[in-house]
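Single-structure report; data block below.
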Amino acid sequence: MSHNVSSTPCAGLMRWWKSIALAIVFALCTGCAMRPSVIPPIAGTVWQIDNQTLDPRGTWHKTGATELLVQWSAVDGTAFIANEVMPIAPQMPAWQRIADEPWAQEVILGLAGRFDENAARTDIVELARLSAALATHPTPLNVVGWYFPVEIDPTWNEAASLAPLLESLPRPLWISVYDSANVGPEALAQRLDKWLPKDVGVFFQDGVGVHAREARVARQYADMLSVRLGRNRVRIIAEAFRPQVGGGFRSATIAELGPQLAQYDNYRIYLFEGPRYVSDALVGQILARQAKGINVLSASH
């Protein structure tokens, strides 16, 4: 014998409680949407060395950034640090001055790479060999980690061949990953977890600057990577640029960047790319948003 459960007093009570719960959630979400974007402290900035950006200067530390991620110390066979394994650039960065900057108190130093991604992936064995050699040469920097600058995404079917090469590099070691194929957070994290050495960390490139995804979706990627790899192995590279009319890229506006950064609270955030896209004026606007967020949070307690 059956009866319509929805007509019972219990079912009616459950519907009532569900309606109340949904109303509360809606009210909370509406309140959150009305609040200004709270930008968390920034952990660091990224510097992609080339001949046009040999002398990085900025005030990124005012946002909280005290760590510098140097994308590479050698690219396409030319080194930007003193060494005995490859030719040195005719003009070198002022490493001692950079080491004294408040935004470079700790440095994750990129090793040997190539500008062309496909060339880098083809040449990973040689790049790993050069990287291991470069890492033995001292610099004035306070190096707290190393970065192997061959980027990983789902279209690279041979990415797992990196695993034994990464074992030859110094620790702490970081790589970066992005999702150009939009396979989704779960698939990306699952693939990476299958082969990445357990002591190698990941910088996730959010893809917001190239309009690959919204920041809220990028946050889902970071969260899934954290579930698979562990939170301490995951950091976020926030693209602080946008496509420019006519080609190329421009700095993101604070209206674009503010909500993006606000999505990444409780993660270590690195702005890409400091010297090109994060001007002192933009730093000031980030600061204003950070201060506004602090005031809002203080008022709510």
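The values are calculated or read from the model by the stated rules, or taken from the named source; none is laboratory data. Since the model is a prediction, treat every value here as computed from it, not as a measurement. As a convention, Cβ positions derive from the backbone with ideal geometry for all residues, glycine included, and neighbour counts pool all protein chains shown. Protein only, heavy atoms only, side chains kept; ligands, DNA and RNA dropped before computing areas. Shrake-Rupley method; radii C 1.70, N 1.55, O 1.52, S 1.80 Å.
Over segment 44-120, what lengths in whole Å, largest first, do the semi-axes of the equivalent ellipsoid take, defined as the square roots of 5 times the eigenvalues of the alpha-carbon gyration tensor?
Working: eigenvalues 104, 39, 21 Å².
Listed largest to smallest, the semi-axes of segment 44-120 are 23, 14, 10 Å.
Exposed loop GluC sites (Glu not before Pro) only (DSSP loop, at most 10 other Cβ atoms within 10 Å): please give the longest stretch of the chain free of them, not including the sites. Present the calculation step by step, with values, prior to reporting the outcome.
On the way: sites that count: Glu84, Glu158.
For GluC sites (Glu not before Pro) (loop position, at most 10 other Cβ atoms within 10 Å), the longest site-free span of the chain is 159-301.
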Note to self: Starting from the 7 Å offset along Cα-to-Cβ, what nm value, one decimal, do you get for the label separation of Glu84 and Asp116?
What the structure shows: 3.2 nm
Notebook entry, point to check: So how exposed is His211, as accessible area in Å² (1.4 Å probe, rounded to 10)?
Noted result: 130 Å²
Item checked: Förster radius 51 Å - calculated FRET efficiency between Asn232 and Asp280, Cβ distance, rounded to 0.05 -> 0.95
Next item on the list: Please give the net charge around Asp280, taking every other residue with its beta carbon less than 12 angstrom from that of Asp280, where Lys and Arg add +1 and Asp and Glu add -1.
Entry: +2
Notebook entry, point to check: Lys62: accessible area at probe 1.4 Å, nearest 10 Å²?
Noted result: 110 Å²
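What's the Cα-based Rg to Rh of the chain, Rh via Kirkwood?
Numbers: Rg = 22.6 Å, Rh = 21.1 Å.
Radius of gyration over Kirkwood radius for the chain works out to 1.07.
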Margin query: Between Gln244 and Ser161, what is the label-point separation in nm under the 7 Å Cα-to-beta-carbon projection?
Written below: 3.6 nm
Next item on the list: Estimate the FRET efficiency between Arg216 and Thr253 by the formula 1/(1 + (r/R0)^6), using the beta-carbon distance for r and 22 Å for R0, to the nearest 0.05.
Entry: 0.75
Next item on the list: Between Gln96 and Asn182, take the C-beta separation as r, use R0 = 25 Å, and let me know the FRET efficiency to the nearest 0.05.
Entry: 0.05
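Taking the Cβ of Ala135 as the centre, find all other residues whose Cβ is under 14 Å away and add up their charges (Lys, Arg: +1; Asp, Glu: -1).
Details: positive: Arg129, Arg171; negative: Glu84, Glu167.
Net charge in that neighbourhood comes out at 0.
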Margin query: Just to be sure I understand the model, the point goes 7 Å from the Cα along the line to the Cβ. What's the resulting Gln52 to Trp195 distance in nm?
Written below: 3.4 nm
Margin query: For a quick check of understanding: with a 1.4 angstrom probe and all protein chains in place, what accessible area in square angstrom does Ser168 have, to the nearest ten?
Written below: 70 Å²
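May I ask you to rank Arg276, Arg57 by accessible area, largest first, using a 1.4 Å probe over the protein chains only? Don't skip to the end; give the middle numbers.
Values: Arg276 85, Arg57 150 Å².
So, going from the largest accessible area down, we get Arg57, Arg276.
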Checklist line | DSSP bridge orientation in the chain - percent antiparallel, rounded to nearest 5 | finding: 15 percent
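Leu68: net charge of surrounding residues, Cβ under 9 Å, Lys/Arg +1, Asp/Glu -1, itself excluded?
Values: positive: none; negative: Glu67, Glu101, Glu106.
With Lys, Arg at +1 and Asp, Glu at -1, the net is -3.
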